[in-house]
Amino acid sequence: MTVPVIRSLTQGDAHLFTSLQDPGLVGRAAFGHRYATVADGGEYRPEWTWVALRDGVVVARAAWWGGPDDTEPVLLNWFDFTEGEDAAGAELLRRAPWSLEYELIVPADWRDVPAVRAAASARIAAAEAAGMKPLVERYRYEWTPADGLPERPGRLVFREEPDDAVILEVLRRVHSRTLDAHALRAVEGPGGLEQAAQEELDFFNWCPSPRSWWQLAYTPDGELAGIHVPARNPGGPCIGFIGVVPEARGHGYGYDLLVECTRFLAGEGAASVAGATDRGNVPMAAAFARAGHRIIQERVHLV
C-alpha cells in the first residue's frame, strides 16, 4: 500500500474534498451542511482544508473553520475518512499545522443506533490516536416561536452594563465555581480564573451582535444575581452566555436569565435561537427544557 500524500487544498482543487463519499451518519453532513469554499459561497477556506490522498484518491479529510473576519481557524469541525483509513486520518491531524479543538456533531440518540455510534467512535478514536483527548459532550438546543415564549418569572431586574471591567469581574465570580468544562479547563491552565473570564469576554466581542445586548441581572434589592448575553454568531441568534454568581445560586436564577435571553432575541426577530450546555450541567439542562428549548443534537469536543 502506498504512503498517503497529505496536503492542504487550493481553490483550484477544492472539489477533491467532496470526492470522499460520506454516509451522513454523524458530523456536519448528517445535518445538511455542505462543504464549499468562501469563494464558492460557503464558509470554508481551502488553505484551512487538508486531505490525505492515496494513489490520487482522497481517503481522509479535515476542514478547520473560522469566522468571516478570522485570520486563523478557530476549530476543527469536519473530519472523516474512508473505511480502514483511520490511521491516515490520524496522521492527517498530526501533520496539519493547527492544534485546535475538534467538535463532532452527532444525533441526540447517537449511542442507541449501532451504525451511528460506530461512525462517531471511529472519528473519536482517530482523533485520540492523533493526540487529542475528550473534553466534554454537550447538548445543542433550538428554540423557535412555535415552541412558545416562556413567561418571565419577574424576580430579577435587567440592566445594560457598558463597562468591560465590570463584565470581567462578574465573569470571574461566575467561573470561580463552575460546571462548564471549557471554563474549568481554562481555570486549571496557566492563566487561571483570569484566562477563563477573558476567553468568555473575547467570545462576546467576536460575535457580530451589538455590545449593548449584554445585561447584568439584579434582585429587587440591588444584589447582583448574574449575567446573560443574547448574541448572534455566524450561524445566527444564540444564547451567548448564562451565568449566576455563586452567592446567588440555589434560587433557580439560571432559568430567569435564560428566559430573558430567549425573549430578548425573540424581540429582535429571531426565527430560531441556538443554545448549548454540557451534559453534566444538570441545572442548566433542566432550565433549557423548562424554557421550551429542544435538544436537536449533541456535540463531542476533543482538545
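In region 142-157, the residues that are closer than 22 Å to Q215 by Cα and assigned to a loop (DSSP other than H, G, I, E, B) reach residues that are open to solvent by less than 60 Å² (accessible area, probe 1.4 Å) and of a type in the set (D, E) with C-beta atoms within less than 6 angstrom, at least six apart or across chains, in these pairs: P153/D256; R155/D256; L156/D256. When T37 is tested against (1) hydroxyl-bearing (S, T, Y); (2) open to solvent by less than 10 Å² (accessible area, probe 1.4 Å); (3) without any contact (Cβ under 8 Å) to a residue 40 or more places away in the chain; (4) under 22 Å from P4 (Cβ atoms), exactly one condition is not met: (4). Of the residues making up region 154-163, just one is under 23 Å from H293 (Cβ atoms) and loosely packed, with under 14 Cβ neighbours inside 10 Å, namely G154. Just so you know, in region 284-303 the residues that are open to solvent by 30 Å² or more (accessible area, probe 1.4 Å) and not β-branched (V, I, T) include one that is farthest from E137 (Cα to Cα), and it is R290.
Tallying residues that are part of a loop (DSSP other than H, G, I, E, B) and closer than 26 Å to I296 by Cα within region 9-40 yields 12.
Restricted to region 273-283, and to residues there that are among the hydrophobic types (A, V, I, L, M, F, W, C) and in contact with a strand residue (DSSP E or B) (Cβ under 6 Å, 6 or more places away or on another chain), the residue that is surrounded by the fewest Cβ atoms within 10 Å (Cβ to Cβ) is A276. If we scan region 134-141, do we find a residue that is open to solvent by less than 40 Å² (accessible area, probe 1.4 Å), closer than 26 Å to G67 by Cα, outside any loop (DSSP other than H, G, I, E, B) and in contact with a Gly (Cβ under 6 Å, 6 or more places away or on another chain)? Scanning region 134-141 turns up at least one residue that is open to solvent by less than 40 Å² (accessible area, probe 1.4 Å), closer than 26 Å to G67 by Cα, outside any loop (DSSP other than H, G, I, E, B) and in contact with a Gly (Cβ under 6 Å, 6 or more places away or on another chain).
A residue that is open to solvent by less than 30 Å² (accessible area, probe 1.4 Å), out of contact with any Cys (no Cβ under 8 Å at 6 or more places or on another chain) and within 26 Å of G236 (Cα to Cα) occurs nowhere in region 85-98.
May I ask you to verify whether G66 is of a type in the set (G, A, S), closer than 19 Å to P234 by Cβ and open to solvent by less than 50 Å² (accessible area, probe 1.4 Å)?
Considered against the rule, which asks whether it is of a type in the set (G, A, S), closer than 19 Å to P234 by Cβ and open to solvent by less than 50 Å² (accessible area, probe 1.4 Å), G66 comes out as yes.
The values are calculated or read from the model by the stated rules, or taken from the named source; none is laboratory data. Please read these numbers as outputs of a predicted model, since none were measured by experiment. All Cβ positions, glycine included, derive from the backbone under ideal geometry; neighbour counts span all protein chains shown. Quick note on the areas: whole protein, heavy atoms, side chains included, nothing else; ligands and nucleic acids left out. Shrake-Rupley method; radii C 1.70, N 1.55, O 1.52, S 1.80 Å.
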